[in-house]
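Working notes, beginning with the structure itself.
The values are calculated or read from the model by the stated rules, or taken from the named source; none is laboratory data. The structure displayed is predicted, hence computed values, not measured ones. With ideal geometry, Cβ positions are generated from the backbone for all residues, glycine too; neighbour counts draw on all protein chains shown.
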Amino acid sequence: MTLEEYFATGPERERPIFEAVNEFIESLGPVVVEPLSVGIYFKRAGAFAYLLPMQRWETLGFSLTHIVRHRLMTRKPQPHGHRYYTVFNLAGPEDFDDAIKGWLTEAYLEAPE
């Protein structure tokens, strides 16, 4: 599936959020963007982050080695081995703030190349 095919059927809010997240991740280094029917996955050697469409927002998820707190987290981080699965609900690109960017940078740098 191409990005154009993916965005052809989704809500209008999806593309601006994707563009903000994707532009930031690309500034960190090489990334593979894989649009699937369920969402968009960002990969290095494997997936390290994803965007999933929900009813009123886009879910941005990734795992970290520590617990974080943020106003856009409606679920507590879930432990998985030595990492914590962390999810943020982004209603628009303006929600993708510096704190989330910092944590996403950690997830990117910790992901296998």
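Structural remarks
- Conditions (1) farther than 15 Å from Tyr108 by Cα; (2) of a type in the set (D, E, K, R); (3) crowded, with 16+ Cβ neighbours inside 10 Å: number failed by Arg44: (1)
- Of the criteria (1) touching a Gly at 6+ places or on another chain (Cβ under 9 Å); (2) at positive phi, which one Gly29 fails: (1)
- Identity of the residue in the stretch 56-70, touching a residue at least 12 places away in the same chain (Cβ under 8 Å) and charged (D, E, K, R), that ends up farthest from Phe96 (Cα to Cα): Arg56
- Qualifying residue in the stretch 13-26 (condition: at pLDDT below 95 and of a type in the set (Phe, Trp, Tyr)): no
- Restricting the stretch 71-113 to residues that are free of Cβ contacts under 8 Å to residues at least 40 places away in the same chain and polar (S, T, N, Q), the residue that is surrounded by the fewest Cβ atoms within 10 Å (Cβ to Cβ) is Thr74.
- Verdict on Glu34 being at pLDDT 95 or above and either out of contact with any strand residue (DSSP E or B) (no Cβ under 6 Å at 6 or more places or on another chain) or on the phi > 0 side of the Ramachandran plot (or both): no
- The stretch 52-108 - residue that is more than 13 Å from the chain's Cα centre (by Cα) and of a type in the set (Lys, Arg) and, of those, nearest to Val38 (Cα to Cα): Arg56
- Residue tally, condition of a type outside the set (Asp, Glu), assigned to a strand (DSSP E or B) and over 22 Å from Lys76 (Cβ atoms), over the stretch 8-52: 8
- Flag if Arg15 is free of Cβ contacts under 8 Å to residues at least 40 places away in the same chain, surrounded by fewer than 14 Cβ atoms within 10 Å (Cβ to Cβ) and out of contact with any strand residue (DSSP E or B) (no Cβ under 7 Å at 6 or more places or on another chain): no
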